[in-house]
Amino acid sequence: MAVAASTEGMPLARVPQTRSLSAVRAWIYTLAALVVLMVAVGGATRLTGSGLSITEWRPVTGAIPPLTEQAWLVEFEKYKLISQYELVNKGMTLSEFKFIYGWEWGHRQLGRLLGIVFFLPLVWFWARGFIKGRLALTLLGIGALGGLQGAIGWIMVASGLKPGMTAVAPIKLALHLTVASIILACLVWVAAGLKERSAAPEVRAGYAPRILMGLILFQIALGGLVAGSKAGLTYNTWPLMDGAFVPPASALFSVTPWIENFVDNVVLVQFNHRLVAYAIVAFALWHAWTLRRTAPNSKAASRATAMAGLTLAQMVLGIVTLLLVVPLWAGLAHQVFAMVVLAMAVVHARVSART
């Protein structure tokens, strides 16, 4: 009978459950969008040199910015005590300080907002029975990772407050960015897994989608090292670096001990980021070609083709950013688009895993 099924042929008994899952999925995708925004504001904070403007970690009271001129002067005096002011920004005006303070304060406020948008709906959905069991535990795990990320953020900032330091430690910036990317990947993975299966069976894509996802995460971590060490401000030519495709070993491993070259040597840091970009694009093109040859009309082939295009576009954007010596707009675009590429790779891997 017509009243026994929904317009999509779904039994009426399943409609409330489907709607509840749709609400949960929309909430999780909203969280993912906020994480991307958080990464964008964090990138702007870094590129404007604002990350050390707030010298204390006050998770609760720090939500209120200075409200009087006297309060602003107190914060400014605290900033004047750190090396970044003495060695980089000595003589800056109060209005200039307010500018960099605003970026860092906004970044921290977004973190607080993200926590609220996560926990309040979580409690409501759990109380209504929309989430339970494994899904509830998974979301709690993501929430715990978000709390850890806040602590990592302060550890990163604290590394730049040490005497003689004018910026945060590259390895800690890379860790902060990588954990944010993992949180984004987890959210998208869970949300994509809540979608109803389509009637048409998916083509098996093997492990390639997951490998591609892992490579992109690894590349983001390398990008964090490039950002933290400001390696993008050197060797601003492509495809050669100082006239060579592969710099000499004396340049790649000039730091002692040799292991520190992977973090502190801008030559090797940038070279590794270039190499992994080539590898990702080559792998994505191969993956797309394979699926278009074996299953030309499948959704998996379409997703793989889209991933090949996205990775190629991201590499081109990275090259443009390098050639222009990392202007604010290009650096931000490159960082945010990396999150988009990662999210799409996660969707591709998650949907492929359900076949």
Q | Footprinting exposure proxy for Met339, Met92, Met156 (fewest neighbouring C-beta atoms within 10 Å first) | A | Met92, Met156, Met339
Q) For the Cα atoms of the chain, what angle does the longest principal axis make with the long axis of helix 299-323, in degrees from 0 to 90, nearest 10? A) 10 degrees
Q. Quick one: longest stretch of the chain between exposed loop GluC sites (Glu not before Pro), exposed meaning at most 14 other C-beta atoms within 10 Å and loop per DSSP?
A. 197-355
Q.
If I stretch the segment between Leu81 and Ser302 completely, what's the gain in nm (0.36 nm per residue apart, minus their alpha carbon distance), one decimal?
A. 74.0 nm
Q) Taking the stretch 227-266, which chymotrypsin sites (Phe, Trp or Tyr not before Pro) meet the DSSP loop condition and have no more than 16 other C-beta atoms within 10 Å? A) Phe245
Q. Taking only Cα atoms, what is the 0 to 90° angle, nearest 10, from helix 170-193's long axis to the longest principal axis of the chain?
A. 10 degrees
Q) Label Phe262 and Met165 with points 7 Å out from Cα along Cα→Cβ: what is the distance between them in nm? A) 2.1 nm
Q: Can you figure out the FRET efficiency of Ala244 with Val88, using R₀ = 30 Å and their beta-carbon distance, to the nearest 0.05?
A: 0.40
Q) If we count other beta carbons within 10 Å of each Cβ, what is the order of Met307, Met315, fewest first? A) Met315, Met307
Q: Could you work out how far the C-alpha centroid of the stretch 120-196 sits from that of the stretch 218-251, in angstrom?
A: 29 Å
Q) Between Ser50, Ser22, Ser181, which gets the highest mean-square fluctuation from a Gaussian network model of the chain, Cα cutoff 10 Å? A) Ser22
Q: Arrange Val341, Val60 by Cβ neighbour counts within 10 Å, fewest through most, would you?
A: Val60, Val341
Q) Say R0 is 41 Å: what FRET efficiency, to the nearest 0.05, do Val60 and Arg293 get from their beta-carbon distance? A) 0.10
Q | Nearest-ten-degree value, helix 15-47 long axis tilted from longest Cα axis of the chain | A | 20 degrees
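Here, each number is a calculation from the coordinates, and none is a lab measurement. Note that the structure is predicted; figures quoted are calculated from it, not measured. Methodologically, a virtual Cβ is constructed for each residue, glycine included, from the backbone with ideal geometry; neighbour enumeration extends over all protein chains shown.
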